[in-house]
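The values are calculated or read from the model by the stated rules, or taken from the named source; none is laboratory data. Not measured: the values here are computed from a predicted model. Cβ placement follows ideal geometry from the backbone for every residue including glycine, while neighbour counts extend to all protein chains displayed. Heavy atoms of the whole protein, side chains included, go into the accessibility calculation; ligands, DNA and RNA do not. Shrake-Rupley method; radii C 1.70, N 1.55, O 1.52, S 1.80 Å.
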Amino acid sequence: MTTIKGPGIFLAQFMGDTAPFNSLESICKWAAGLGFKGVQLPTWDSRCIDLQKAAESKTYADEIRGIVESAGLQITELSTHLQGQLVAVNPAYDALFDGFAPEALRGNPKARTEWAVQQLKYAAKASQHLGLNAHATFSGALLWQTVYPWPQRPAGLVETGFTELANRWLPILNVFDDNGVDLCYEIHPGEDLHDGVSYEMFLDKVNQHKRACLLYDPSHFVLQCLDYKTYIDHYHERIKMFHVKDAEFNPTGKQGVYGGYQGWVDRAGRFRSLGDGQVDFKSIFSKLAQYNYSGWAVMEWECALKHPETGAAEGAPFIKDHIIRVTDKAFDDFAGTGSDENFNRSILGI
């Protein structure tokens, strides 16, 4: 067994225009001061990293790593959540997702997709330059608007959608394989890969590609009423990343999973700061240790109520206290009597 690394923090929700959140150097010092040991970098934020430059220049990648390490931290992984979303966008969402792309590409879905694919390929090489072995992203979605089948889905629609999704991702997965990096999809509502069944459908389409791995975030499963602990039993061999994020689901006589179009504070299902929700993290950390998860435990702050800086200050010790220092011996070793094959046979009377 391996002790999980951490605590780490995903910087996406903390970057801003005021110090210490407006530069990689200053935010790393802030995170280290709270007790974090690693940072996960959002690659769409140029204050953290120039993704193309990190892919094309090992020297630049070393400079980024040096900034992080000078604060006593490590880079846990890179993230292309926003770019990954743009690999597959149904026209129904074109206007909404255009904001994730450079301004010059807005209103041009074909060019936007080509840009997103190239971004993912840059991320593979940049990860290699930084010495990383896992990367976080979204799958995008061609089918999400049909998730609740009314009107009923035409026969073959899902098959066609997943075939196209796989065709877009397979070349990207191959680039990640060439660079020795696992591509970890965050299984998430709004993505075509939103639960175990949809992930398995995708795996079948990409020929069980060894780099098509998982970012495990139990908060999204609480909101789907999915068994997030048994999920680990099913997919532990594919789980290469872990977002530590809490959530709660409190259905009423007026609303449930779909939330009645309400804002986050007023939804039955909402994200919470660590320890304020319903996720059984003790069981999760135990299962991941049992299955020899060797990656990072990274806090992702998304809370409908608590201030992010408070969530971060509480998050580092929360994760630290849940990481299990795994044992290197059995608890009953003291009672061992030693044995050999002859002794064992004599006990069995054979």
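So if the hydrodynamic radius of segment 49-135 is defined as the Kirkwood radius over C-alpha pairs, what does Stokes-Einstein give as its diffusion coefficient at 10 °C and 1.306 mPa s, in µm² per second?
Approximately 114 µm²/s, per Stokes-Einstein.
What is the extension gain from S70 to S346, computed as 0.36 nm multiplied by their sequence separation minus the C-alpha to C-alpha distance, in nm to one decimal?
Taking 0.36 nm per residue and subtracting the Cα distance, the gain is 93.2 nm.
If Lys and Arg each add +1 and Asp and Glu each add -1, what is the summed charge of the other residues whose beta carbon sits under 12 Å from the beta carbon of L226?
Charge balance in the 12 Å sphere: -2.
Excluding ligands, DNA and RNA, what is the solvent-accessible area per residue of the chain at a probe of 1.4 Å, expressed in Å²?
I get 48 Å² per residue for the chain.
Based on Cβ point charges of +1 for Lys and Arg and -1 for Asp and Glu, what charge dipole magnitude is obtained for the chain about its Cα centre, in debye rounded to the nearest 20?
140
Amide H of G190: which non-local residues (sequence gap of 5 or more, or other chain) have their own amide H closer than 5 Å, using H built in the peptide plane?
For G190, whose amide H was placed from the backbone, there are no distant partners under 5 Å.
If I model a spin label at H236 and A304 as a point 7 Å from the Cα along the Cα→Cβ vector, what separation in nanometres do I get?
Label at H236, label at A304, 3.3 nm between them.
Counting DSSP beta bridges with both partners in the chain, what percentage is antiparallel, nearest 5?
Just about 15 percent of them are antiparallel.
Can you tell me the Rg and the Dmax, both Å, for the Cα atoms in segment 13-64?
11.5, 33
Summing Lys, Arg as +1 and Asp, Glu as -1, what charge do residues with Cβ under 14 Å from the Cβ of I64 carry, I64 excluded?
-3
Can you send over the carbon and sulfur percentage of the accessible area for segment 209-350, probe radius 1.4 Å, protein chains only?
50
Put a dot 7 Å past each Cα toward the Cβ at Q118 and Y93; how far apart are the dots in nm?
About 2.3 nm separates the two model spin labels.
For helix 109-129, what angle does its Cα long axis make with the longest principal axis of the chain, in degrees from 0 to 90 and rounded to 10?
30
Over segment 25-157, with every protein chain in place, what whole percent of the accessible area is carbon and sulfur at 1.4 Å, could you tell me?
Percent of accessible area from carbon and sulfur atoms in segment 25-157: 52.
Expressed in nm to one decimal, what extension gain is obtained for the pair D62 and Q255 from 0.36 nm per residue of sequence separation less their Cα-Cα distance?
Extra length available between D62 and Q255 comes to 64.5 nm.
For q values of 0.15, 0.20 Å⁻¹, compute log₁₀ I(q)/I(0) with the Debye formula on a Cα-only model of segment 126-220, without solvent.
Computed log10 I(q)/I(0) values: -0.59, -0.97.
With Rg and Dmax of the Cα atoms in Å defined as stated, name the option among [x] 22.0, 81; [y] 24.6, 78; [z] 22.0, 62 computed from the structure displayed.
Of the listed options [x] 22.0, 81; [y] 24.6, 78; [z] 22.0, 62, [x] comes from this structure.
Taking a 22 Å limit on the Cα-Cα distance, which of the listed pairs K53/K125; K205/K287; K58/K205; K5/K229; K229/K306 fall beyond it?
K205/K287; K58/K205; K229/K306
Starting from the residue with the highest accessible area, list W169, W44, W301, W115 in decreasing order, probe 1.4 Å.
Accessible-area ranking of W169, W44, W301, W115, largest first: W44, W115, W301, W169.
Quickly work out the Q278-to-D227 label distance, labels modelled 7 Å from Cα along the C-beta direction, and quote it in nm with one decimal.
Inter-label distance under the simple model: 1.7 nm.
Which order do E302, E69 take when ranked by solvent-accessible area (1.4 Å probe, heavy atoms of all protein chains), largest first?
Descending order: E69, E302.
Please report how far the C-alpha centroid of segment 172-228 lies from that of segment 1-60, rounded to the nearest whole angstrom.
23
Take E314, E114, E56 and sort them by solvent-accessible surface of the protein heavy atoms, 1.4 Å probe, largest at the top.
E56, E114, E314
To the nearest 10 Å², what's R65's accessible area with a 1.4 Å probe?
Rounded to the nearest 10, the figure is 80 Å².
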